[in-house]
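The values are calculated or read from the model by the stated rules, or taken from the named source; none is laboratory data. Bear in mind the structure is a predicted one, so any value in this text is a computation, not a measurement. Using ideal geometry, Cβ is built from the backbone for each residue, glycine included, and neighbour counts are taken over all protein chains shown.
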Amino acid sequence: MDAPLYHVSHTCHNCRQTDYFETTRREAAFELVNPSMYDKVPCTACGNTEYHVWGFSMCELERDLFIEWSQNTNLYFLSQDEDLIIAEEKYLDDILFILDNNIGLPNKRIILLSALFVLIYDSLRGDEQNKKLSEKVIAELKKRPHLIAEARNSNGYIYPYISDIVLPLINNS
Ligand SMILES: [Zn+2]
(Lines give C-alpha, C1' and ligand atoms only; values in the text may rest on other atoms or scores of the structure.)
Protein backbone atom coordinates (compact mmCIF):
# COMPACT_ATOMS: atom_id res chain seq x y z
CA MET A 1 0.00 0.00 0.00
CA ASP A 2 1.40 3.40 -0.99
CA ALA A 3 1.44 6.00 1.74
CA PRO A 4 -0.76 9.05 1.04
CA LEU A 5 1.18 12.33 1.06
CA TYR A 6 -0.21 13.26 4.48
CA HIS A 7 -1.03 10.42 6.80
CA VAL A 8 -0.81 8.66 10.11
CA SER A 9 0.03 4.99 10.21
CA HIS A 10 0.22 1.96 12.40
CA THR A 11 2.28 -1.16 12.04
CA CYS A 12 0.85 -4.53 13.01
CA HIS A 13 2.36 -6.26 16.02
CA ASN A 14 1.61 -9.64 14.51
CA CYS A 15 2.64 -9.42 10.82
CA ARG A 16 4.43 -6.03 10.58
CA GLN A 17 2.07 -4.76 7.88
CA THR A 18 1.89 -0.93 7.95
CA ASP A 19 -1.51 0.60 7.21
CA TYR A 20 -1.87 4.29 6.35
CA PHE A 21 -4.75 6.69 7.05
CA GLU A 22 -4.90 9.85 5.01
CA THR A 23 -5.03 13.23 6.75
CA THR A 24 -5.14 16.80 5.48
CA ARG A 25 -2.02 18.93 5.14
CA ARG A 26 -3.16 21.03 8.11
CA GLU A 27 -3.75 17.95 10.25
CA ALA A 28 -0.28 16.73 9.35
CA ALA A 29 1.41 20.08 10.08
CA PHE A 30 -0.13 20.38 13.54
CA GLU A 31 -0.33 16.66 14.30
CA LEU A 32 -4.05 16.95 14.86
CA VAL A 33 -4.74 13.29 14.21
CA ASN A 34 -3.61 10.82 16.82
CA PRO A 35 -2.79 7.45 15.19
CA SER A 36 -4.23 5.66 18.24
CA MET A 37 -7.65 6.80 16.92
CA TYR A 38 -7.27 3.92 14.49
CA ASP A 39 -6.41 1.27 17.08
CA LYS A 40 -9.76 -0.45 16.55
CA VAL A 41 -9.18 -0.73 12.81
CA PRO A 42 -7.90 -4.26 12.10
CA CYS A 43 -4.66 -4.85 10.22
CA THR A 44 -5.52 -5.14 6.51
CA ALA A 45 -3.21 -8.14 6.15
CA CYS A 46 -4.07 -10.34 9.13
CA GLY A 47 -6.99 -8.75 11.00
CA ASN A 48 -4.99 -8.28 14.22
CA THR A 49 -5.69 -5.13 16.29
CA GLU A 50 -2.43 -4.91 18.22
CA TYR A 51 0.10 -2.42 16.89
CA HIS A 52 3.65 -1.77 17.92
CA VAL A 53 4.55 1.34 15.92
CA TRP A 54 2.54 4.45 15.17
CA GLY A 55 3.73 6.97 12.59
CA PHE A 56 3.17 10.46 11.19
CA SER A 57 4.05 11.99 7.84
CA MET A 58 6.15 15.14 7.95
CA CYS A 59 4.76 18.30 6.42
CA GLU A 60 6.68 21.12 4.81
CA LEU A 61 5.71 24.28 6.68
CA GLU A 62 4.53 27.22 4.60
CA ARG A 63 3.47 30.75 5.38
CA ASP A 64 -0.25 30.08 5.82
CA LEU A 65 0.58 27.42 8.42
CA PHE A 66 2.98 29.77 10.22
CA ILE A 67 0.30 32.48 10.35
CA GLU A 68 -2.36 30.15 11.70
CA TRP A 69 0.05 28.67 14.26
CA SER A 70 1.16 32.12 15.44
CA GLN A 71 -2.41 33.09 16.29
CA ASN A 72 -3.59 29.94 18.04
CA THR A 73 -2.12 28.72 21.33
CA ASN A 74 -3.63 25.28 20.78
CA LEU A 75 -1.62 24.55 17.65
CA TYR A 76 1.84 23.00 17.77
CA PHE A 77 4.17 22.04 14.95
CA LEU A 78 5.47 19.25 17.15
CA SER A 79 4.64 18.64 20.74
CA GLN A 80 7.95 20.05 21.95
CA ASP A 81 11.04 21.99 20.90
CA GLU A 82 9.19 23.96 18.25
CA ASP A 83 11.99 26.53 18.15
CA LEU A 84 14.43 23.78 17.16
CA ILE A 85 12.07 22.43 14.48
CA ILE A 86 11.65 25.79 12.74
CA ALA A 87 15.28 26.95 13.10
CA GLU A 88 15.98 26.45 9.42
CA GLU A 89 17.07 28.85 6.71
CA LYS A 90 14.06 27.95 4.56
CA TYR A 91 11.75 29.32 7.28
CA LEU A 92 13.65 32.58 7.88
CA ASP A 93 11.35 34.71 5.71
CA ASP A 94 8.21 33.27 7.30
CA ILE A 95 9.58 33.86 10.80
CA LEU A 96 10.47 37.47 10.01
CA PHE A 97 7.12 38.01 8.29
CA ILE A 98 5.21 37.06 11.47
CA LEU A 99 7.49 39.14 13.71
CA ASP A 100 7.50 42.21 11.45
CA ASN A 101 3.76 42.26 10.92
CA ASN A 102 2.96 41.77 14.58
CA ILE A 103 0.42 39.09 13.85
CA GLY A 104 1.58 36.46 16.34
CA LEU A 105 0.66 35.93 19.99
CA PRO A 106 3.39 36.89 22.52
CA ASN A 107 4.21 33.28 23.43
CA LYS A 108 4.56 32.44 19.73
CA ARG A 109 6.77 35.47 19.07
CA ILE A 110 9.23 34.25 21.65
CA ILE A 111 9.38 30.84 19.97
CA LEU A 112 10.13 32.56 16.65
CA LEU A 113 12.81 34.72 18.25
CA SER A 114 14.33 31.70 19.93
CA ALA A 115 14.40 29.96 16.53
CA LEU A 116 16.41 32.87 15.08
CA PHE A 117 18.90 32.60 17.93
CA VAL A 118 19.17 28.84 17.47
CA LEU A 119 19.70 29.37 13.75
CA ILE A 120 22.61 31.74 14.43
CA TYR A 121 24.07 29.48 17.10
CA ASP A 122 23.85 26.35 14.97
CA SER A 123 25.43 28.11 11.99
CA LEU A 124 28.50 29.33 13.85
CA ARG A 125 30.33 26.07 13.35
CA GLY A 126 30.95 24.44 10.05
CA ASP A 127 31.67 25.66 6.58
CA GLU A 128 31.56 29.01 4.77
CA GLN A 129 27.91 28.52 3.85
CA ASN A 130 27.00 28.10 7.52
CA LYS A 131 28.93 31.23 8.47
CA LYS A 132 27.13 33.21 5.76
CA LEU A 133 23.82 32.05 7.18
CA SER A 134 24.67 33.16 10.72
CA GLU A 135 25.84 36.54 9.35
CA LYS A 136 22.61 36.86 7.38
CA VAL A 137 20.40 36.23 10.44
CA ILE A 138 22.54 38.56 12.59
CA ALA A 139 22.13 41.28 9.93
CA GLU A 140 18.34 40.82 9.98
CA LEU A 141 18.28 41.18 13.77
CA LYS A 142 20.52 44.26 13.73
CA LYS A 143 17.93 45.93 11.49
CA ARG A 144 15.36 45.26 14.21
CA PRO A 145 16.69 46.42 17.60
CA HIS A 146 13.27 45.93 19.21
CA LEU A 147 13.57 42.20 18.53
CA ILE A 148 16.94 42.06 20.27
CA ALA A 149 15.39 43.81 23.28
CA GLU A 150 12.51 41.34 23.21
CA ALA A 151 14.97 38.46 23.18
CA ARG A 152 16.84 39.90 26.16
CA ASN A 153 13.57 39.97 28.07
CA SER A 154 12.62 36.39 27.27
CA ASN A 155 13.18 35.34 30.91
CA GLY A 156 15.21 32.33 30.00
CA TYR A 157 12.94 31.05 27.25
CA ILE A 158 15.90 31.47 24.93
CA TYR A 159 18.48 29.14 26.46
CA PRO A 160 21.17 31.17 28.23
CA TYR A 161 23.93 29.05 26.71
CA ILE A 162 22.66 30.23 23.33
CA SER A 163 21.91 33.88 24.11
CA ASP A 164 25.24 34.26 25.97
CA ILE A 165 27.02 33.45 22.72
CA VAL A 166 24.64 35.10 20.24
CA LEU A 167 23.89 38.46 21.90
CA PRO A 168 27.55 39.61 21.97
CA LEU A 169 27.87 38.61 18.30
CA ILE A 170 24.90 40.79 17.38
CA ASN A 171 26.26 43.72 19.39
CA ASN A 172 29.80 43.45 18.08
CA SER A 173 29.35 42.61 14.43
ZN1 LIG B 1 -1.15 -7.89 10.63
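Quick notes
- Hey, Ser163 among the polar types (S, T, N, Q), under 21 Å from Phe77 (Cα atoms) and touching a residue at least 40 places away in the same chain (Cβ under 8 Å) or not: no
- Index of the failed condition, Leu124 passing every other in (1) under 24 Å from Lys143 (Cβ atoms); (2) at pLDDT 95 or above; (3) more than 10 Å from the chain's Cα centre (by Cα): (2)
- Single match in Leu92, Leu96, Leu32 (criterion: without any contact (Cβ under 8 Å) to a residue 12 or more places away in the chain and aliphatic (A, V, I, L, M)): Leu32
- Hey, Ala115 small (Gly, Ala, Ser) and either modelled with pLDDT under 95 or exposed (fewer than 13 other Cβ atoms within 10 Å of the Cβ) (or both) or not: no
- Every residue from the stretch 119-158 that is assigned to a loop (DSSP other than H, G, I, E, B) and over 19 Å from Leu99 (Cβ atoms): Leu124, Arg125, Gly126, Asp127, Gly156
- Within the stretch 11-37, the only residue that satisfies the criterion of being of a type in the set (Phe, Trp, Tyr) and at pLDDT below 95 is Phe30.
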